[in-house]
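A short write-up of the structure that comes next.
All of the numbers you see were taken from the coordinates with simple rules; none came from a lab. Predicted model only: the values in this text are computed from it and were never measured. Neighbour counts are summed over all protein chains in view; Cβ atoms, including those assigned to glycine, are modelled from backbone coordinates with ideal geometry.
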Amino acid sequence: MANYDVIVVGSGVIGLSIAWQVGLTGRRVVIVDPHPGRGSSYAAAGMLAPVNEAAWGDEPLIELNVRSAAGWPSFARALETASDLPVGLRETGALLVAGDGSDHAQLEELFKFQQHLGLDSSWCTASTCRTLEPLLAPGVRGGILAPSDHQVDNRRVLAALGVAARRSGVQFLHASVLACLTSDGRISGVVMNDGELYGDLTIIAAGYASGAIAGLPDPPLAVRPVKGQILRLRTRDGRALLERTVRGLIGGQHVYIVPRADGGVVVGATSEEVGEDTSVTATACYELLRNAIHLLPAVGEIELVETLAALRPGSPDNAPLVGAASVAGLAYATGHYRNGVLLAPVTAEAIVALVEQGEIPDWASPFAPGRFANASTATSDPL
Ligand code: GLY
């Protein structure tokens with residue numbers, strides 16, 4: 001048994017960012033996870049892409065994504081300083097191209113939507129796309145350049161966050177959290193597979209598995225697994241195939257190719273509503289590679305080094321749940337769906353505000369967990 005100010009359940013990019021930033025406030029923080037840094041944050045591609053991943057109906061989320069993308073350079077600098085480790089932030093922008101006439105028409109509509117929202121993008125003809133990325137297939141029809149859609153190396157980020165959090169005094173426990181403890185009408189800690197922890201505030205940041213923790217209050221946590229399969233390849237000589245991230249809409253299917261500085265590329269990703277299944281399937285690998293090669297034929301010549309499936313934490317409106325739960329002593333930071341890496345800076349900032357001032361900032365209020373309940377149930381004082 002141990003007492004903490006803050007217990008963070010889950011050590012993906014969200015839990016680690018929160019633990020690091022709350023640790024910097026001088027509070028006693030513990031982070032609990034049976035497999036630290038091995039969930040969807042590890043599988044991710046690390047894109048910081050609020051513009052070319054913008055989707056109709058997601059306007060509040062897009063605003064949050066843009067805010068967090070703008071905060072990434074300073075977050076990355078602070079993280080590199082705190083950990084003495086590089087995080088691979090590459091501010092090279094991203095290009096989204098169309099494979100056929102119908103894809104082209106869809107991207108024109110997306111471009112209009114981006115312009116309507118005032119997002120940073122420009123339309124490129126087919127020849128401009130190939131000037132920007134000479135290895136693109138000759139059949140590419142044109143597309144959208146998003147100069148401020150950048151990337152980080154998510155695995156380097158996880159490693160750096162682990163070091164930074166430890167250096168800020170955070171304790172790490174390799175354990176499974178089974179349930180929350182309740183005492184005097186508030187959450188007072190957690191039950192693990194090998195003991196109990198007590199804390200003034202418990203923050204659930206366990207991704208898609210957050211809702212499986214027993215003892216959470218009503219309403220049930222609206223988070224579900226959304227499977228993503230993703231591939232990693234590399235050139236043998238470290239030669240770069242691309243200058244920037246290239247995404248394709250190919251016969252109506254999305255694919256992205258994210259180039260790393262060492263000649264590696266990440267090709268992703270499927271989006272499948274199949275429950276807690278993390279098998280890698282032949283069809284997914286085939287379709288990802290087929291679309292990637294259609295976009296960038298050189299992908300067919302390089303080495304396939306990893307296939308992986310992980311579960312994104314999906315929410316009913318694709319946006320995260322960040323803030324106080326309906327019972328004192330409990331908060332959520334989960335449901336980040338496709339945007340966990342991107343949203344780490346603003347999520348940590350919102351939770352630090354909750355810890356220090358008792359409420360999340362106004363800009364985060366559209367993402368309060370209580371939005372899925374019939375009536376507002378969030379407490380104003382989480383501590
Ligand atoms: N944000 C990229 C993905 O979820 O696949």
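Odds and ends about this structure:
- For A261 and Y286, a Förster radius of 30 Å and the Cβ-Cβ distance give a FRET efficiency of 0.60, rounded to the nearest 0.05.
- Along its three principal directions, the equivalent ellipsoid of segment 229-383 from the Cα gyration tensor extends over semi-axes of 39, 17, 12 Å, largest first.
- Highest to lowest packing among 312-325, 256-269, scored as the average C-beta count within 10 Å: 312-325, 256-269
- Euclidean distance between Cα centres, segment 261-301 to segment 319-351, Å: 29 Å
- Summed side-chain charge close to S11 - residues other than S11 whose Cβ falls under 13 Å, Lys, Arg +1, Asp, Glu -1: +1
- Here the gap between S102 and R167, fully extended at 0.36 nm per residue and compared with their Cα-Cα distance, gives a gain of 18.2 nm.
- Under the span-like rule (Cα at least 27 Å along the axis, Kyte-Doolittle mean at least 0.0), DSSP H helices of the chain: 59-83
- Surrounding net charge for A159, when Lys and Arg each add one and Asp and Glu each subtract one, Cβ distance under 14 Å: +2
- Segment 137-296, relative contact order in percent, only Cα pairs under 8 angstrom and at least six apart counted: 17 percent
- Stokes-Einstein diffusion coefficient of segment 1-54, Kirkwood radius over Cα pairs, 10 °C, 1.306 mPa s, in µm²/s: 126 µm²/s
- Each peptide among 342-354, 192-204 gets the average number of other Cβ atoms lying within 10 Å of its residues, and from highest to lowest they stand as 342-354, 192-204.
- Percent of alpha-carbon pairs separated by more than 28 Å within the chain: 44 percent
- Between segment 134-160 and segment 102-118, the alpha-carbon centres lie 18 Å apart.
- Positive minus negative residues near I31 (Lys, Arg vs Asp, Glu; Cβ under 15 Å): +3
- Extension gain from D277 to R77, taking 0.36 nm per residue of separation minus the Cα-Cα distance: 68.4 nm
- Spread over its residues, the convex hull of the C-alpha atoms of segment 278-353 is 154 Å³ per residue.
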